[in-house]
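I have placed the structure first, in the form of structure tokens, so that the comments after it can refer back to it.
The values are calculated or read from the model by the stated rules, or taken from the named source; none is laboratory data. The model shown is predicted, which means the values in this text are computed figures rather than measured ones. Because the Cβ atoms are built from the backbone with ideal geometry, glycine has one as well, and the counts that use them run over all protein chains shown.
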Amino acid sequence: MMAWAQVENQYQRRSDLILNLAETVKGYSTHEQDAFGQIIEARANATKTNINIDKLNTEGLQEYDVKQSELTHAFARLIMVVESYPDLKANENFIMLQGQIEGTENRISFERKRFNESVKGYNTYRRRFPRNIAALILDFRKYDYFEAIPESDTKPNVNFNKQ
């Protein structure tokens, strides 16, 4: 389903931006290796979890969301590290990445909503007569909506401008 590809695309963008942000922070801090290791590990887990059309069901979507949530938690730990470095908050590259991550979080929400709208349209279409007969014969299955796990409902706070 093409709509799901856009959801994955935005999560990949977020993952890349978080890694770039971690590298920027790493330049300011050499003794925070634990936080960087957690980001790298969570990103690796998040990016290797892909959903093909056969796993586009509740279990597959929840598994995907759990991996993304792990990356969000690692990112939150990185945010705590950043609070210790006032000079970093003024770094031009850091500010740019911060803005891109904020925008990407909004894109993720939009694409997840669009995916659910596509699923609703498809499921409604295949249930109507006479398409429901063809769907039954050709085994056009019902798709599940993307429902985020409770922990992923809140976006990470990426506002580093408070001093």
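Consider region 15-50 and keep the residues that are more than 19 Å from residue 103 (Cβ to Cβ) and among the small types (Gly, Ala, Ser). The one that is surrounded by the most Cβ atoms within 10 Å (Cβ to Cβ) is 42. Restricting attention to region 95-119, the residues that are surrounded by fewer than 17 Cβ atoms within 10 Å (Cβ to Cβ) and aliphatic (A, V, I, L, M) total 2.
If only residues of region 41-58 that are in a loop (DSSP other than H, G, I, E, B) and polar (S, T, N, Q) are counted, the one that is modelled with the highest pLDDT is 57. Of the candidates 59, 92, 83, the single residue that is among the acidic types (Asp, Glu), touching a residue at least 60 places away in the same chain (Cβ under 8 Å) and loosely packed, with under 13 Cβ neighbours inside 10 Å is 83.
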